[in-house]
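Scroll down for the structure; my scribbles are underneath it.
The values are calculated or read from the model by the stated rules, or taken from the named source; none is laboratory data. Fair warning: this is a prediction, and the values are worked out from it, not measured in the lab. All Cβ positions, glycine included, derive from the backbone under ideal geometry; neighbour counts span all protein chains shown. Remember, those area values only see protein heavy atoms, side chains included, never the ligands or the DNA or RNA. Shrake-Rupley method; radii C 1.70, N 1.55, O 1.52, S 1.80 Å.
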Amino acid sequence: MSHAIEPGKIGSVLPVISRRDFIKGVIVGGAAVSSAGYLFRASTLLAQSGSVAGRLITINVNGQQRRADVMKQETLAWTLRHKLGLTGTKLGCDRAECGSCTVLIDDVPHYACSVLTHTVRNRKILTIEGLANADGSLHPVQQGVVEEQGFQCAFCMPGFIMSSVAFLKSNPNPTRAELANGVSGNLCRCQDYDKILTALMRGAEIAREGNHA
Ligand code: FES
Ligand code: FES
């Protein structure tokens, strides 16, 4: 690891990491990715982190029972990110438009920014952090993204992956057009759609080949 800026590498004044390492970090656990979107949600932050007392509840996230002190107006995205430390679920618009916050609730994709946490107490929530196998091997869709390098900044990546995982459960052998339609609730601000779709199609192919645990 060096501190120089090298061609083909991502870096500024911070230690340089390869693009592949960066992408993999986001895929597995949602490593920190900056977004201007965070700057415009002051009202939301105040609304959700105010002094109103919360209530201790238990929710099932990635197969674990997790306890959190949750306010009645608190969204699942907020709880995941700020109470449970699962920052792989991204907040883009915070208003059900971009899909960055997509998680699975009982295998169905939902915008976590638009689900109140106290309503999912008896449901199974799956986030990007829960996709890889216990031995560290990636989910086929994650593997497809690693192989095809389909994203630019990767902020939208967790949402696209979660939507794809859900879609492929019902249609494991989609055409490119069908998969595009299946993830049409997700937006990419880098507008990298063609490469994203190639990566997701590769993920579907890997899943069909059974090259995963
Ligand atoms: S952050 Fe939830 S849809 Fe955009
Ligand atoms: S928002 Fe940058 S790759 Fe999608």
Checklist entry - Taking the highest mean first, how do the peptides 184-191, 99-106, 63-70, 199-206 order by number of other beta carbon atoms within 10 angstrom per residue? => result 99-106, 199-206, 184-191, 63-70
Checklist entry - log10 I(q)/I(0), Debye, Cα-only region 116-186, no solvent, q = 0.14, 0.17, 0.20, 0.27 Å⁻¹? => result -0.51, -0.73, -0.97, -1.37
Checklist entry - When averaged across all projection directions, what area in nm² does the alpha-carbon convex hull of region 108-151 cover? => result 4.4 nm²
Next on the checklist: Give me the percent of accessible area attributable to carbon and sulfur for region 92-213, probe 1.4 angstrom.
Outcome noted: 49 percent
Item to check | Among the listed pairs K90/K169; K72/K169; K83/K169; K83/K124, those beyond 21 Å (Cα-Cα) | outcome: K90/K169; K72/K169; K83/K169
